[in-house]
1. Modelling each spin label as a point 7 Å along the Cα-to-Cβ direction, I'd like the Ala93/Met1 distance in nm, to one decimal.
2. Could you give me the radius of gyration and the Dmax of the chain, taking only the C-alpha atoms into account and expressing both in angstrom?
3. Using a Cα-Cα cut-off of under 23 Å, which lysines could be cross-linked to Lys21, ignoring same-chain neighbours fewer than 8 residues away?
4. Sort 110-116, 79-85, 37-43 for me by packing, meaning the mean count of neighbouring Cβ atoms within 10 Å per residue, highest on top.
5. Quick query: amide H of Leu110 versus all other amide H atoms, modeled in the peptide plane; which residues come in under 5 Å with a sequence gap of 5 or more or a different chain?
6. Treating the beta-carbon of each Lys and Arg as +1 and of each Asp and Glu as -1, no other charges, what is the dipole magnitude of the chain about its Cα centre, to the nearest 20 debye?
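We did not get these values from a lab; they are worked out from the coordinates using the rules stated. Quick caveat: nothing in here was measured; it's all calculated off a predicted structure. Cβ atoms come from the backbone with ideal geometry, glycine included; neighbour counts cover every protein chain shown.
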Amino acid sequence: MKIFNKVAVGCDHAAYEQKQKLLAHLREQGYEVKDCGCDSSESCHYPIFAHRLCTSIQNGESEVGILICGTGIGMSIAANKHKGIRAAACSEAFSAELTRQHNDANVLCLGARVIDYDKIQSLTELFLTTEFMGGKHATRVGMIADIENGTFSE
Ligand code: RB5
């Protein structure tokens, strides 16, 4: 079941083709999709696109995002520097599902040099349809926010 409508998608040169396919697929599925770039397979700097996508979540234009680079790691490091962003780099279904259920992740980071397009699409679908479980997990996510805000204490 669909739980998000507004999805942002971004990539760097390592994943341009995959991002274009994923955009078309998500639009076909009825999602309102924001394309945060990049716009070709020419070498570019992934933090630019992570920043665009995270800003669109922070300002409410997008609810969640999918970032794809070579490994998913650079994108996740850059995304997690943004307040309110919980980005997870995943390459298999268990983690993609659990990061929604337990971490309320709002950005999924994928590696186009790690997994094939079919896996990119299936992990994206799983991420976009899995609910946060709340409860004790909400307490923990709140603690992460406190760390971010400098108000955390044990
Ligand atoms: C680009 O060559 C590569 O470094 C980038 O796509 C990504 O894997 C960084 O984490």
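1. 2.0 nm
2. 14.6, 47
3. Within the straight-line cut-off, Lys21 pairs with Lys2, Lys6, Lys34, Lys119.
4. 110-116, 79-85, 37-43
5. Leu67, Ile68, Cys69
6. Magnitude of the dipole: close to 180 debye.
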